[in-house]
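One structure is given here, and the rest of the page talks about it.
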Amino acid sequence: MNQNDIRSYEAAFSLCLGEIEKGMDSEDAINKIAAMMGPLVSDAKDLREYLYREVSFSSNDIASMICAKDKKDREWWNKLKQSSGFKGTYWNRYKAYLSGTKKWSQKTIEKSINEPTDHIMNYISDPNAGVPEKSYGAVFGYVQSGKTANYIGLINKAVDAGYKIIIVLAGMHNNLRSQTQMRIDEEVLGFETSIEYLRQKAGLVPSVIGVGNLNFKMDKSIEALTSRDEKGDFTKGRAGVSRQYDQPKIFIVKKQNTVLQYVFDNLSKNHAAIRNSDGTSLFPCEYSLLVIDDEADQASVNTKYKTDRSGDVSDDSEVSKINELIRRILSLFSCRSYVGYTATPYANIFIPPQISDDDLEDDLFPKDFIVCLPKPAGYVGALEFFGEDDNSEIMPLRRKITTQLEDFIDIETKQIISPLPDELKKAILYFIIIVAARNVRGQTLDPNSMLIHINRLTDVQSSLKSMVEDYFDEVQSYINGGDTDILNTMRDIWENDFVPTTTKMQQDFSAYMEGVKCSEWCSIETEIKRIIGNHQIRIFEINGKSDDVLCYKEFKDEERQLNVIAIGGDHLTISTYGSVAINGIWQNETYINSQTSSESIDIIIPNGELWIMGDNRGHSTDSRNFGTVELGDVLGVVILKKHKDLED
């Protein structure tokens, strides 16, 4: 979608709303405006689909926010957008990418990204004011609700506004940092940064990706000082190079002591920084810094404060190293902004707000603003799936499993003792039907995954994978051989479960079902035969001993669909220091005492079981000694729920 198309699409939507407000039926209005505006755009069919998305979208959610009194009436960003000569090409390109390539609703873009980031931009420091200024804020959002898309929108606007240096603190491990870099490559930079990938795929894949494929003439270029390679973080070698900051630079780095030290060393020695009499360095106001802290409650918060009996922070308090380095980097800039993103904000709002010293200056307390992002339209989280209490109306999507685990796996030997349960076989048939149904709806490149999650032992997972492969091969041979029994079984599942469930969802949860139609079985059956015939469903074993890897990007780049039945579970890693990572994300446990431990652990937690660890990590008798605990053996009630209370 080019810039002319964007204007035509928005004009078409306005005309369509005007017809609907006059009393015309929505579908008639869409047909009328699509016929009128279709010849003016490059793809008339896409315009019609766009109008259907926009007209059907409904959400009353808006971002909520609070700010310091001196930030309340700030309008510098709004005024800049209205000034002559302002182009805003990075934001406009990203907006076109979300709408045209990712098919986001225009209202979703407005409510979830554009409006909240406009507020954030007004709250953060003005890079063009020419005066020293600092701003510290936080953005809270639901789990997997679009926080990354929001801060990518903020980055694009910050570049348009004139920020010279942007640092994204992206987790504590290479794979998470690389994933973040990949998103920024696609949605900010527009080019591939992986040298290894381009070398391996020489001549096979373009170096221009994502937003770079759109027909936009950019008014400035961004230099990436890191790459999406596994070892593409900011290194000692890169730290030794002094750079010009006349054009924006972006770092995507891990929250790791060594890496942050390299960033600090590089910036503090840059020729643009003024050397003070005390040996410190300071960038003048024209070199503005924006730090975006992804998962800001993880590692960034100082966990070493001590308090006296009155609750005040003691003078002999220490500072954790990562917190110190983030603050040192910020203190290098006269004009700076820090924005922390998280779904679990309590650690951040309980940072002592009064902390500031001559050396490290302010701590990371969000003293200037807090923004709560709206729940996106169509978002399905735990509340929608499980309900808030026994009286909640929940989506009719769960199916109860009656098979007892001990009938399948021996409690003593931990070995599989019976054939694959019929319920698991049926679930596999469900998955095949789901892939076919999504493809019939046009989602032919969207990945689909099924997780089989019953035991933490890798030997058991390996045996289970073999059993699943045997059953799946059997299903494939029946379908490819024209057997009608298996297809009749799948048709019964479709007609007796999928069809009534879809009808129920359309009746009771219509906001989530816009544009979703229940396809005819003949279309589903044809697609099932195609999927099975072309071997488009794979079976992976995901654990520390398996070579199977879920690499979505390679399939996406080659325009292939990845459909996977994965045998595994929650991946738990415990370091020799007692720190815990769940599915690769290291936990920020500010409450534990004495982390030192004599052993490291790397396991998979089975479904329906818990891994128990004490606060006094180095001395407690916990699951490292007695293993997992079945959920049914735990007695207790929930006495505190967080985040919703904070939002209220």
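The values are calculated or read from the model by the stated rules, or taken from the named source; none is laboratory data. This structure is a prediction, so every number in the text was calculated from the model and none was measured. For neighbour counting, all protein chains shown are included, and Cβ atoms are generated from backbone atoms with ideal geometry for every residue, glycine included. Note: accessible area is taken over every heavy atom of the protein model, side chains too, but ligands, DNA and RNA are not part of it. Shrake-Rupley method; radii C 1.70, N 1.55, O 1.52, S 1.80 Å.
Things worth noting here:
- Label positions at T444 and A35, each projected 7 Å from the Cα along the C-beta direction, are separated by 2.9 nm.
- Debye equation applied to the C-alpha atoms of the stretch 183-271, log10 I(q)/I(0) at 0.16, 0.19 Å⁻¹: -0.73, -0.97
- Evaluated over the stretch 220-277, the Cα radius of gyration and Dmax, each in Å: 12.0, 40
- Taken over the stretch 141-228, the ratio of Cα radius of gyration to 2.2 N^0.38 Å equals 1.14.
- Separation of the alpha carbons by more than 27 angstrom is noted, of K79/K249; K425/K529; K87/K375; K103/K367; K72/K134; K134/K157, for K87/K375; K103/K367.
- Sequence-distant residues sharing a close amide H with A68 (under 5 Å, placed H): F369
- Of all accessible heavy-atom area on the stretch 79-163, the percent that carbon and sulfur account for (1.4 Å): 49 percent
- H173 - accessible surface, heavy atoms, 1.4 Å probe, Å² rounded to 10: 50 Å²
- Of the GluC sites (Glu not before Pro) in the stretch 253-335, those whose Cβ has at most 15 other Cβ within 10 Å and which sit in DSSP loop: E286, E318
- Rounded if a/c under 1.5, otherwise prolate or oblate - the stretch 59-115, Cα gyration tensor axes: oblate
- Taking each residue as 0.36 nm, the span from N92 to D470 lengthens on full extension beyond its C-alpha to C-alpha distance by 131.0 nm.
- A crude spin-label estimate for the pair T402 and S64, with each label 7 Å from Cα along the Cβ direction, gives 4.4 nm.
- Inter-centroid distance (Cα atoms) of the stretch 294-343 relative to the stretch 222-268, Å: 21 Å
- When the inverse distances between all different Cα atoms of the stretch 430-504 are averaged and flipped, the Kirkwood radius reads 14.6 angstrom.
- Dimensions in Å of the stretch 140-181 - Rg and Dmax from alpha carbons: 11.7, 31
- For the stretch 1-148: rounded, prolate or oblate by the Cα gyration tensor [a/c cutoff 1.5]: prolate
- Computed with the Debye formula from one identical point scatterer per Cα of the stretch 274-340, without solvent, the log10 of I(q)/I(0) at q = 0.16, 0.17, 0.20, 0.28 Å⁻¹ comes to -0.71, -0.77, -0.92, -1.12.
- Per residue, the stretch 295-336 exposes 45 Å² of accessible surface when a 1.4 Å probe is rolled over the protein heavy atoms with every protein chain present.
- Modelled spin-label separation between D316 and E423, with each label point placed 7 Å from Cα along the Cα-to-Cβ direction: 5.8 nm.
- With 0.36 nm allotted per residue and the present C-alpha distance subtracted, the D492-D229 stretch has 90.0 nm of extension available.
- Global form of the stretch 273-388, assessed from the alpha-carbon gyration tensor, a/c cut-off 1.5: oblate
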